[in-house]
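Below you'll find the structure, written out as structure tokens, and then a few comments.
The values are calculated or read from the model by the stated rules, or taken from the named source; none is laboratory data. All values derive from a computational prediction rather than experimental measurement. As a convention, Cβ positions derive from the backbone with ideal geometry for all residues, glycine included, and neighbour counts pool all protein chains shown.
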Amino acid sequence: MPNAYLQGIQGAFDNQAQIRNDIYAVTSNWFVNRCPVVTRTPRLPVGSTTFTMIKRGFRSRVAALAAPIALADTQVTLVDASPFMNGDVLELASGERVELTNDPNSTTNIVSVRRGVEGTTIAAGAVNDVVRLISNSRTGNEINQNGIAFRPVGVAQFCQTWQHPVQIGGSLQASASYAGVKGASTPFEQNKMIALQNLMDDMEVSSYYGRGEDPAVTSRPKQKGLKALLVTNNTATPTNAGSYTASDFIHDTLERCRVNGGDPDVLILSSNFMSGLATWGQAVQKIDAGSNVFGTPINVFEAPFLGGVSIIEAPLLKPYTAIALTSCEVRMRMKRNEFWNPRGSRGDAFEGDWMAEGAIEVENEAYHAWVEGITAFSAT
């Protein structure tokens, strides 16, 4: 009589009496090097198909002039004045510093200013001149200022259902001459593992490249992947794409994250980036990250010029792709971890499904970076 409480990956003759088996403990180990995002990032449960990710950011410290400034002007028009507040000190391209005397006009992006503060000389300014926020100078009793810097922004994410069925006819299952892979005693076991790999690959690739589709408009909701979520530091046409150097790489990944407040500690790279690192004279060193429960070493690398940032090779990324992550801000939100859902037998066939449901979550997308569009690496 079959055991109704069998756990783990079972054999060919599972039947409807078997309960659903959550096999995340298996997949997180077996696919740790092939699918690093869905196996290595933390997991948290989520109770709804749609959930909200939060984007909090430091207020911008750089703006640009939308109109020229004459020597006698006491108002300055910026391209975007929303981050600034009464009492802020701005430095113009000329070196002149001005102090805001009121909150900005949020409709016109005009700020009223006191010119030539902190002993600087009043000077003219041109359209597109860079303006930098130096500091605030408050009275100590000012309230209800209007800068938007501290207002978190919600970003919708959608849980996706992944499913791979396994169906083997009984005559094939009973065939003694079936050429199976080593360790697979029957076609059913072999096909279960092939389908499971396909499930994990789908989870991984959609976590990179999904564009997202709202369950309100489709019965097949789709998650937004990292490429769609990382908007601020998304480089699709990098400078020097045909002769991409190590300094270009640092600028497009680590530097851009840090400027926006992130602290990237992980780089996920396509496989051909490993040869790119060698082209730059920066051969990677494998570090001891332990091994999985099957005894397979977990692949993590470092390169001296990256200052201790971990490098993880991702075979399923498109060539010439790099992702910089502040790892504490990235996780998988799962409604259902990977599980085997047995359907038992129907006629002379054995059937079941590998299934999972969830989506990747990224907080503060400006703390991370995505780079693609490189065509060749160059040492100089």
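Do we have residue 249 as under 21 Å from the mean Cα position of the chain (by Cα) and either modelled with pLDDT of 95 or more or surrounded by 14 or more Cβ atoms within 10 Å (Cβ to Cβ) (or both) here?
Yes.
Per-residue answers, yes or no, for (1) farther than 30 Å from residue 288 by Cβ; (2) not assigned by TED's automatic domain parsing to the domain that holds residue 259:
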{"site": "312", "(1), (2)": "no, no"}
{"site": "315", "(1), (2)": "no, no"}
{"site": "318", "(1), (2)": "no, no"}
{"site": "329", "(1), (2)": "no, no"}
{"site": "345", "(1), (2)": "yes, no"}
{"site": "352", "(1), (2)": "yes, no"}
{"site": "377", "(1), (2)": "no, yes"}
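Looking only at residues that are assigned to a helix (DSSP H, G or I) and hydrophobic (A, V, I, L, M, F, W, C) in the stretch 191-216, which one is nearest to the chain's Cα centre (by Cα)?
205
Which strands (runs of 3 or more DSSP E) does the stretch 269-380 wholly contain that include 3 or more residues that are in contact with a helix residue (DSSP H, G or I) (Cβ under 7 Å, 6 or more places away or on another chain) and buried (at least 21 other Cβ atoms within 10 Å of the Cβ)?
Per the criteria, 322-325, 349-362, 369-371.
Of all the residues that make up the stretch 109-138, how many are within 13 Å of residue 81 (Cα to Cα) and touching a Ser or Thr at 6+ places or on another chain (Cβ under 7 Å)?
Adding up the residues that qualify gives 4.
Could you say whether any residue in the stretch 357-365 is among the aliphatic types (A, V, I, L, M), modelled with pLDDT of 95 or more, within 10 Å of the chain's Cα centre (by Cα) and assigned by TED's automatic domain parsing to the domain that holds residue 302?
yes
Within the set of pairs 6 or more residues apart or between chains, which connect a residue that is touching a residue at least 24 places away in the same chain (Cβ under 8 Å) inside the stretch 111-125 to a residue that is hydroxyl-bearing (Ser, Thr, Tyr) and in a strand (DSSP E or B) with Cβ atoms less than 9 Å apart?
111/77
If only one of 243, 185, 175, 219 is over 30 Å from residue 325 (Cβ atoms), of a type in the set (Gly, Ala, Ser) and at pLDDT 85 or above, which one is it?
Testing whether each residue is over 30 Å from residue 325 (Cβ atoms), of a type in the set (Gly, Ala, Ser) and at pLDDT 85 or above leaves just 219.
If only one of 52, 39 is at pLDDT 90 or above, part of a helix (DSSP H, G or I) and assigned by TED's automatic domain parsing to the domain that holds residue 328, which one is it?
Unique residue meeting the criteria: 39.
Any residue in the stretch 46-67 that is touching a residue at least 24 places away in the same chain (Cβ under 8 Å) sitting within a Cβ distance under 6 Å of a residue that is aromatic (Phe, Trp, Tyr) and buried (at least 17 other Cβ atoms within 10 Å of the Cβ)? List the pairs, counting only those 6 or more apart or interchain.
50/158
Tell me, yes or no, whether the stretch 98-109 has at least one residue that is surrounded by 14 or more Cβ atoms within 10 Å (Cβ to Cβ), in contact with a helix residue (DSSP H, G or I) (Cβ under 9 Å, 6 or more places away or on another chain) and over 17 Å from residue 64 (Cβ atoms).
yes
Every residue in the stretch 217-254 that is closer than 23 Å to residue 274 by Cα, without any contact (Cβ under 8 Å) to a residue 40 or more places away in the chain and in a loop (DSSP other than H, G, I, E, B), please.
239
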